[in-house]
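Just so you know, all these numbers are worked out from the coordinates, no wet-lab data involved. It should be emphasised that the depicted structure is a prediction, and the values quoted were computed from it without experimental measurement. When we count neighbours, we look across all protein chains shown, and the Cβ atoms used for this are built from the backbone with ideal geometry, even at glycine.
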Amino acid sequence: MTHPAITLPTLIAHRGYSAAAPENTLAAVRAAYEAGARWVELDVQLLGDGTPVIWHDADVARCSDGRGALNRLTWPEAQALDVGSWFSDRFAGEKIASLEVMLELLNELEMGVNLEIKVNKGRDPIELVDRVMPEVLEALPPERLVISSFDLSALHHCRTFASKKDLALGVLFGSTPKAWRTQCEAVDAYSIHPHWPRLKRAQADAMHEAGYQLLCYTANDPSAFQSRWSWGIASVITDEPAIFQRFLDNQRLAKQ
């Protein structure tokens, strides 16, 4: 095998356990671990001062008590934000997580991560990759890491930091383009991450036959997704890992 020997889990907790805790926070990763998940999907971006943080949106309005673009914040300004109260009073005072601190937690819990290089509009993918990749590769072993992105230039640049055998790259698709195979081959991709409702059976079959791992996002209704497992899906990225796991456990018990 030329890619890292990764044992993918059936379920990956989307932005941590984001149905149980504020997304992309240390609390969400701890909640995922406590619920039995051993892999999480997280997003990484840069603040205005170049600090890498775990965050999805281009601004902070939706998931904090502040407003403004992420790329205008310094680290001290970002740390002044409360990123938990919007979700629940229980998480009041939760702080935005730096990449450094998140990597420390993942290592403490021995968790795997699908880290998305989140290139929001107007941001520089090369700057983001240059800042993030050395830190990530130093912190995590290749068997606990998949780097993914919608941005092909970001993935191309990621590949310059590590060979195929030392780094698994995943290509994210909304609607799968006709040129999906060419795009995946260009970055020596390990996996394809399609938006599950838009993935067609013939596409899944072709991807599986070509040797790619399929990680579908973001499925939250296990009964609606059930028929897709036969398409060769390796993992589901879900906000609801506990609900998904109970459903799968019940399905197994019913077959015994």
Per the 1/(1 + (r/R0)^6) rule, R0 = 30 Å and r from the Cβ atoms of L105 and R198, FRET efficiency to 0.05 is 0.35
Defining a contact as two alpha carbons under 8 Å apart and six or more residues distant in sequence, what relative contact order in percent does the chain show? 20 percent
Charge dipole magnitude, Cβ of K and R +1, D and E -1 - region 90-159, Cα centre, debye nearest 20: 340 debye
Which semi-axis lengths, in whole Å and largest first, follow from the square roots of five times the eigenvalues of the Cα gyration tensor of region 163-256? 26, 14, 12
Suppose we keep just the DSSP beta bridges with both residues in the chain; what percent of those would be antiparallel, to 5? 15 percent
Filtered trypsin sites (Lys or Arg not before Pro), region 35-111: DSSP coil and at most 14 other beta carbons within 10 Å: R62, R67
For region 30-157, averaging the sequence separation of alpha carbon pairs under 8 Å that lie six or more residues apart and dividing by its residue count, the contact order in percent is 25 percent
Which of the chymotrypsin sites (Phe, Trp or Tyr not before Pro) found in region 206-239 are loop residues per DSSP with 15 or fewer other Cβ atoms within 10 Å of their Cβ? none
Between region 91-138 and region 14-88, what is the separation of their alpha carbon centroids in Å? 10 Å
With θ set to phi - 60°, apply the Karplus curve 6.51 cos²θ - 1.76 cosθ + 1.60 along region 192-198 and write out the HN-Hα couplings as whole Hz, x wherever there is a Gly or Pro. 10, 10, x, 6, 4, x, 9
Could you give me the ³J(HN,Hα) list for region 43-53, computed from phi with Karplus coefficients 6.51, -1.76, 1.60 and θ = phi - 60°, whole Hz, x at Gly and Pro? 10, 10, 9, 10, 6, x, 8, x, 6, x, 10
For K200, K121, order by how many other beta-carbon atoms lie within 10 Å, fewest first: K121, K200
If each residue's Cβ is checked for other Cβ atoms within 10 Å, how do S230, S149, S235 rank with the fewest at the top? S230, S235, S149
Quick query: amide H of L11 versus all other amide H atoms, modeled in the peptide plane; which residues come in under 5 Å with a sequence gap of 5 or more or a different chain? V236
So how strong a dipole does the chain carry about its Cα centre when Lys and Arg Cβ are +1 and Asp and Glu Cβ are -1, to the nearest 20 debye? 1020 debye
Evaluate the distance, in nm, between pseudo-label points positioned 7 Å from the Cα of E185 and of F150 along their respective Cα→Cβ axes. 2.6 nm
By Kyte-Doolittle mean hydropathy of at least 0.0 and Cα axial length of at least 18 Å, which whole DSSP H helices of the chain are selected? 125-139
Which whole-Hz couplings ³J(HN,Hα) result when phi for each residue of region 62-77 is put into the Karplus expression 6.51 cos²θ - 1.76 cosθ + 1.60, θ = phi - 60°, listed in order with x for Gly and Pro? 5, 10, 7, 8, x, 9, x, 6, 4, 6, 10, 9, 8, 4, x, 5
Could you line up T74, T160 from fewest to most neighbouring Cβ atoms inside 10 Å? T160, T74
Specify whether the C-alpha gyration tensor of region 1-142 places it in the rounded, prolate or oblate class, a ≥ b ≥ c being the square roots of the eigenvalues: rounded for a/c under 1.5, otherwise prolate if a/b is larger than b/c and oblate if not. oblate
I'd like the FRET efficiency for D166 and A206, computed as 1/(1 + (r/R0)^6) with the beta carbon distance as r and R0 of 22 Å, rounded to 0.05. 0.25
